[in-house]
1. Can you give me the Kirkwood hydrodynamic radius for the stretch 2-211, using every pair of distinct Cα atoms, in Å to one decimal?
2. Go ahead and estimate [θ] at 222 nm for the chain from helices alone: -39,500 (n - 2.57) per DSSP H run with n ≥ 4, summed, over the residue count, rounded to 500.
3. At what distance in nm do the modelled label points of Asp217 and Glu268 sit from each other, each positioned 7 Å from its Cα along Cα→Cβ?
4. What fraction of the Cα pairs in the chain, stated in percent, has a spacing above 31 angstrom?
5. Please report the antiparallel percentage of DSSP beta bridges with both residues in the chain, rounded to the nearest 5.
6. What order, most packed first, do the peptides 226-235, 85-94 have when packing is the mean number of other Cβ atoms within 10 Å of each residue?
7. Arrange Glu105, Glu328 by Cβ neighbour counts within 10 Å, fewest through most, would you?
8. Spin-label point model (7 Å from Cα, Cβ direction): what's the Asp26 to Asp109 distance in nm?
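Here, each number is a calculation from the coordinates, and none is a lab measurement. Fair warning: this is a prediction, and the values are worked out from it, not measured in the lab. Virtual Cβ from ideal backbone geometry, glycine too; neighbours counted across all protein chains shown.
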Amino acid sequence: MTGDFVSRVLAWFDDHGRHDLPWQADRSPYRVWVSEIMLQQTQVVTVIPYFERFMAHFPAVTDLADAPLDEVLHLWSGLGYYARARNLHRAAGVIRDRHGGRFPEAFDDVVNLPGIGRSTAGAILALARGQHHPILDGNVKRVLCRHRGIEGWPGRRAVETTLWEMADAFTPEENVAEYTQAMMDLGATVCRRGRPECSACPVSADCVALSRGRQRDLPAPRPRRERPLRHSRMLLVTDAAGRVLLERREPTGIWGGLWAFPELAPDETPEAWVSGCLGAEATSTETWPELRHGFTHFELAVTPHRVAIAGQPGIVMEDGRWLWYNPESPARIGTAAIVGRLLAGIAGKNDNETGSGERDESDGQVRVAGR
């Protein structure tokens, strides 16, 4: 039965799978690795231009390792989940320093790189080197749960263990790269989360979910939990030259390593902050409407305070934590999506209508690949 499943999936892939994705050309472990990290929680159509720009700037892993983190984050800006970019940069340094600049071949070496888990390591080695390793990204979980009628949320340890055993049993000894790509494509284009196209599925004849009319029930959704609402008061300080003050965030946490606006304490006024931190006087202060930004684990409500100061700040900050950003000549730095929208508001490009943010910048663990 396992062999029949595999043969049907492979036959479908020959005719209907995706064979012309950018990372499938000049395939190498490095290119596959970058694509797999970008594809976590992100659709293919979104990833393609980011991948192409990334490869143009960093054609080899040593280029990535030698680049400043700011440049990496700049090229990642807008893709979200910035921990992926930081881990990619850290892992490139490990490959350069411990593996002579060559992407490792052993599974244990790959899975020990920052930001790479069991499924991603298996995907890289299967797709790039044809090694026999199962994968279990969100697409594969969905196909297996529906086809075999697996109950329970896949994030539960017992369910995940069952799925890993099943993924291992199905993964063939030969044509492993084709099978791996086929399963990801099948989940992404046919066995979709909301609108499965069962009539086009090569394994629908013995799919438990289809036979029982339970395609929308399987896999079971993550148990719902209320996302708390957090509040932030961001300070948009502009000087007489039109430059905007940005602060580099701490290396970990939300927007880790990115440039963002300084935040006010709950009982702090914009005027007091400008006076105390910049030694300057606010010539005008304007509070903009609150905007919301969604993260995986919480919702952020941001109140922007735009403050103009006269002349140059009295205190010079040169410790690498602060930056006077010129919107007319943008620096190549990494900024969070919400910062980009507020900078556009300062420039008058969107009439301060920033709208709601997408849920695209959690710093938590990335759990499901969106393809």
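1. Result for the stretch 2-211, one decimal place: 17.8 Å.
2. Values: 14 runs with 144 residues, N = 371.
That calculation yields -11500 deg cm²/dmol at 222 nm.
3. 5.4 nm
4. 44 percent
5. Numbers: 18 of 30 bridges.
Roughly 60 percent of the beta bridges in the chain run antiparallel, per DSSP.
6. Values: 226-235: 14.1, 85-94: 20.5.
The peptides rank, most packed first, as 85-94, 226-235.
7. Numbers: Glu105 13, Glu328 8.
If I rank by nearby Cβ atoms, fewest first, I get Glu328, Glu105.
8. Taking the simple label geometry, Asp26 and Asp109 are separated by 2.3 nm.
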